[in-house]
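Engineer: Sharing a structure below in structure tokens format, with a few things to ask.
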């Protein structure tokens with residue numbers, strides 16, 4: 001199904017409806033949303049830029065694992081951060097190390113590029129105007145773009161995790177995992193925790209998706225929207241590093257990103273994770289509403 005077909009449900013699929021539909025709007029059906037969402041996914045993952053970004057994320061764990069392996073082979077033990085020290089004992093810990101390295105910089109930048117370009121990119125090429133004249137329905141189109149952005153967050157996080165599992169298994173031993181709290185769990189339980197951590201990391205980026213979507217509705221330039229979103233991530237990360245700003249730091253969307261480390265304890269500590277997910281939900285509500293308000297009032301045909 002083409003993008004045009006996805007946003008132009010035939011009248012034969014249902015009875016004639018009077019009212020708003022007769023004036024160019026269509027009812028927000030689940031089938032129409034799913035078709036639009038599927039096409040947003042295809043549009044996102046068929047782009048060469050997206051493939052390149054995912055490839056870079058996949059290479060990151062390979063580089064980390066190789067450096068740790070060389071460092072280990074060339075020294076007698078040595079000291080390092082908890083995650084990296086654990087990698088030499090069990091390759092599965094490369095998953096947590098790679099996510100801890102990717103989350104502050106690499107994952108947000110890739111998500112910022114995709115989210116920032118979601119609306120502005122199509123406005124620049126003229127396809128957004130066609131979608132809305134079709135019409136796709138602005139609320140449904142924006143929801144599909146946001147959901148596709150969340151899907152990209154999950155795919156990007158899983159890409160890092162799978163590359164880390166493969167690299168860790170190739171370079172280091174696998175077996176029972178000693179958690180950062182000192183307890184030991186079986187490999188199967190550790191794999192389940194790795195899946196849980198990946199889901200939490202992906203969900204941690206939901207606030208950034210909403211922010212990027214909002215920024216994308218403010219301009220007709222995809223490059224400007226991507227640069228603004230990525231620049232905002234960098235700025236907030238810098239603000240989060242100043243002790244003098246401790247009063248506002250808990251409200252920054254990046255502040256609790258590394259709270260997934262609490263899931264590597266026995267028992268798992270959910271307090272930090274809950275604060276993180278609650279904060280992301282608040283950012284989604286605020287910036288999602290702002291994006292909707294801007295997008296529904298925007299003159300696309302101008």
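Engineer: Is the shape of the range 169-302 best called rounded, prolate or oblate, per the rule: a/c under 1.5 gives rounded, else a/b larger than b/c gives prolate, else oblate, with a ≥ b ≥ c the square roots of the Cα gyration tensor eigenvalues?
Structural biologist: Here the range 169-302 falls in the prolate category.
Engineer: First measure r as the distance between the Cβ atoms of residue 184 and residue 31, then evaluate 1/(1 + (r/R0)^6) with R0 = 45 Å and state the FRET efficiency to the nearest 0.05.
Structural biologist: Efficiency for this residue pair is about 0.35.
Engineer: Give me 174, 43, 94 ranked fewest to most by other Cβ atoms within 10 Å of their Cβ, as a rough exposure proxy.
Structural biologist: The most exposed by this proxy come first: 174, 43, 94.
Engineer: Give me the number: length gained by fully extending residue 266 to residue 59, i.e. 0.36 nm times residue separation minus the C-alpha to C-alpha distance, one decimal in nm.
Structural biologist: The span from residue 266 to residue 59 would gain 71.4 nm if fully extended.
Engineer: Could you list 113, 215, 200 so that the one with the fewest beta carbons within 10 Å of its beta carbon is first and the one with the most is last?
Structural biologist: In order of increasing Cβ crowding within 10 Å: 200, 113, 215.
Engineer: Give me 240, 269, 117 ranked fewest to most by other Cβ atoms within 10 Å of their Cβ, as a rough exposure proxy.
Structural biologist: Least to most surrounded, the residues fall as 269, 240, 117.
No lab work stands behind these numbers, since they all come straight from the coordinates. Computed from a prediction, not measured in an experiment: that's the story for all the values here. A quick note on method: Cβ atoms are made from the backbone with ideal geometry, for glycine too, and the neighbour counts reach across all protein chains shown.
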